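The structure appears below as structure tokens.
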Amino acid sequence: MTQKTTSTETGTSLFIQTNSAAVRIWHWLTFLVVTTIIVTVLMASTALNPRENIPIVQNILKEKGVVVSNDQIFAVTHMYDDKMWELHKLLGYALAFLFLSRIAIELTQPKEERISFRLKKARMALKQAGADKKEWKHYLIVKASYSLFYLLLFSMVITGLIIAFGKDLGLAGPTRHTIKEVHGFIQYLIYAFLFFHLAGVIRAELRNAKGIVSGMINGGE
């Protein structure tokens with residue numbers, strides 16, 4: 001008979017787990033890249049929006065006695081917006097690299113630390129008598145949500161690369177525009193995931209899983 005050890009028996013949460021150095025480095029690099037990508041989107045859409053800045057620049061130049069057309073001002077303001085989107089594109093390449101790295105990490109991880117193994121373990125635990133099914137169900141939902149995040153990340157990377165190279169690949173303008181809209185929609189889904197992920201981690205840290213954050217820093221050992 002296989003001896004079952006639950007979180008209730010050990011006095012710790014299921015979410016306090018061992019994390020390899022590769023996973024921890026990947027996690028924080030991805031956090032940094034995604035956060036910076038969000039900043040570039042916000043900056044390009046607000047403070048550096050060319051059309052929003054036209055009247056501002058126009059008024060400043062008018063006070064200096066310089067009169068220029070909207071097209072001339074747009075050319076200047078658009079230059080800074082382009083620089084921000086260029087940074088966004090470079091960060092997108094970094095995100096694509098990180099996504100491929102995560103696949104490599106998953107394939108080379110110890111079996112017990114793989115997402116697929118942990119999902120299987122949770123499903124098996126739910127079928128066992130005496131298991132804390134409420135906690136295991138919660139654990140399964142959280143781990144499944146990570147799989148959804150990786151799917152969203154994959155979609156974000158693919159659509160982003162198509163936007164970057166679509167013209168060179170000969171894709172029609174309407175097709176590239178549709179893909180850009182899909183790319184924009186996916187970003188909001190990722191934002192939603194990040195919000196609930198952070199809220200969930202903070203809630204767990206304050207309640208029954210103290211150490212979950214430090215576990216992603218020191219490995220949970």
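The values are calculated or read from the model by the stated rules, or taken from the named source; none is laboratory data. Not measured: the values here are computed from a predicted model. A quick note on method: Cβ atoms are made from the backbone with ideal geometry, for glycine too, and the neighbour counts reach across all protein chains shown. Note: areas computed on protein heavy atoms with side chains; ligands, DNA, RNA excluded. Shrake-Rupley method; radii C 1.70, N 1.55, O 1.52, S 1.80 Å.
Worth a mention:
- Scanning the range 67-120 for residues that are small (Gly, Ala, Ser) and either surrounded by 12 or more Cβ atoms within 10 Å (Cβ to Cβ) or within 22 Å of the chain's Cα centre (by Cα) (or both) turns up ALA75, GLY92, ALA94, ALA96, SER101, ALA104, SER116.
- Pairing residues of the range 55-66 that are open to solvent by 90 Å² or more (accessible area, probe 1.4 Å) with residues that are among the hydroxyl-bearing types (Ser, Thr, Tyr), at Cβ distances under 8 Å and at least 6 apart in sequence or on separate chains, gives no pairs at all.
- Top-ranked residue of the range 121-161 - restricted to ones that are surrounded by 14 or more Cβ atoms within 10 Å (Cβ to Cβ) and in a loop (DSSP other than H, G, I, E, B), ranked as modelled with the lowest pLDDT: ALA131
- Pairs linking a residue in the range 138-156 that is free of Cβ contacts under 8 Å to residues at least 40 places away in the same chain to a residue that is assigned to a helix (DSSP H, G or I), with Cβ atoms under 6 Å and 6 or more positions apart or on different chains, are LEU140/ALA122; LYS143/ARG118; LYS143/LEU119; SER155/ILE186.
- Picking from residues in the range 162-189 that are open to solvent by 60 Å² or more (accessible area, probe 1.4 Å), among the aliphatic types (A, V, I, L, M) and part of a helix (DSSP H, G or I), the one that is nearest to ILE38 (Cα to Cα) is LEU189.
- When ASN208 is tested against the conditions (1) polar (S, T, N, Q); (2) open to solvent by less than 30 Å² (accessible area, probe 1.4 Å); (3) touching a residue at least 40 places away in the same chain (Cβ under 8 Å), the lone failure is (2).
- Of all residues in the range 59-113, those being in contact with a Leu (Cβ under 7 Å, 6 or more places away or on another chain) and part of a helix (DSSP H, G or I) number 6.
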